[in-house]
Amino acid sequence: YRDGTIIPQVTDATEWSNLTTGAWCYIDNDSTKSRVYNWFAIAGIHDNDVNTPNKEFAPENWEVPSDAKWTMLENFLITNGYNYNGNTDIEAGEFLAKAMASTEGWNASNNSGSIGNQQLTNNTSGFNALPTGFREPDGTFNSIGQTSSIWTSSAVDSEKSINRDLWFQRSYIQNYNTFL
């Protein structure tokens, strides 16, 4: 965490599924792959003492964006021409996935405007979302090469938070609620 408190690495699926505090792991528990963090780490929940304040996840001068800040970013990108179809009208819809996705590693797709279609044209915004996949609440790994699932700092309730999901077959970024 920002103050130097260690976030533990948890490789065991059963242990991961029972967590109520922050943890991280490598995708597929393979140190050559990306790290992923659970919601509790993002929220700064480092112990189970209700009297202990939460930690800050992001480094100094950084933050995990809220759902509202993600929407602001998306609207900025739309109005500045980053939609794959060039449309700058927010009301016309969002087709930003290619602009925010890395140029390699995604499963291939024939869907026009999708991340997996003509990957070398991805990442015009410089965001560079990687297709890491994610770790399910039950501890299994899923969708490697297919998705980049990104936490926001916005909780829905004690069981769900809001994510942004880039999917190799889509041209838009999905905003959804996910279980912790």
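The values are calculated or read from the model by the stated rules, or taken from the named source; none is laboratory data. Nothing here was measured: the structure is a model prediction, and the numbers come from that model. Every residue, glycine among them, receives a Cβ derived from its backbone with ideal geometry; neighbour counts consider all protein chains shown. Just the protein is used for accessible areas: all its heavy atoms, side chains included, with ligands, DNA and RNA removed. Shrake-Rupley method; radii C 1.70, N 1.55, O 1.52, S 1.80 Å.
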What is the list of residues in region 134-170 whose amide nitrogen lies under 17 Å from a point 7 angstrom out from the Cα of residue 71, following Cα to Cβ?
-> 152-157, 161-165
Top to bottom by accessible area (1.4 Å), largest first, where do 164, 2, 170 land?
-> 2, 170, 164
Most to least accessible of 157, 165 (protein chains only, probe 1.4 Å) = 157, 165
Probe 1.4 Å - accessible area at residue 98, Å² to nearest ten = 20 Å²
What number, rounded to the nearest 500 deg cm²/dmol, is the helix-based mean residue ellipticity at 222 nm of the chain, given -39500 (n - 2.57) per DSSP H run of at least four residues and division by all its residues?
-> -3500 deg cm²/dmol
Hypothetical label at residue 37: residues of region 59-80 whose amide nitrogen lies under 13 Å (7 Å Cα-Cβ projection) = 59-66
Signed unit charges on C-beta, dipole axis of the chain, positive-most listed residue 7, 93, 176 = 93
Which order do 168, 179, 57 take when ranked by solvent-accessible area (1.4 Å probe, heavy atoms of all protein chains), largest first?
-> 179, 57, 168
Over the chain, what is the mean sequence separation of C-alpha contacts under 8 Å (at least six apart), divided by residue count, expressed as relative contact order in percent?
-> 19 percent
Measuring from label point to label point, each 7 Å out along Cα→Cβ, what is the residue 63 to residue 17 span in nm?
-> 3.6 nm
Accessible area of residue 162, 1.4 Å probe, to the nearest 10 Å²?
-> 30 Å²
Once the piece of chain linking residue 111 and residue 87 is laid out straight, how much longer is it, given 0.36 nm per residue of separation minus the C-alpha distance between them?
-> 6.8 nm
At what distance in angstrom do the alpha carbon centres of region 71-143 and region 1-59 lie from each other?
-> 26 Å
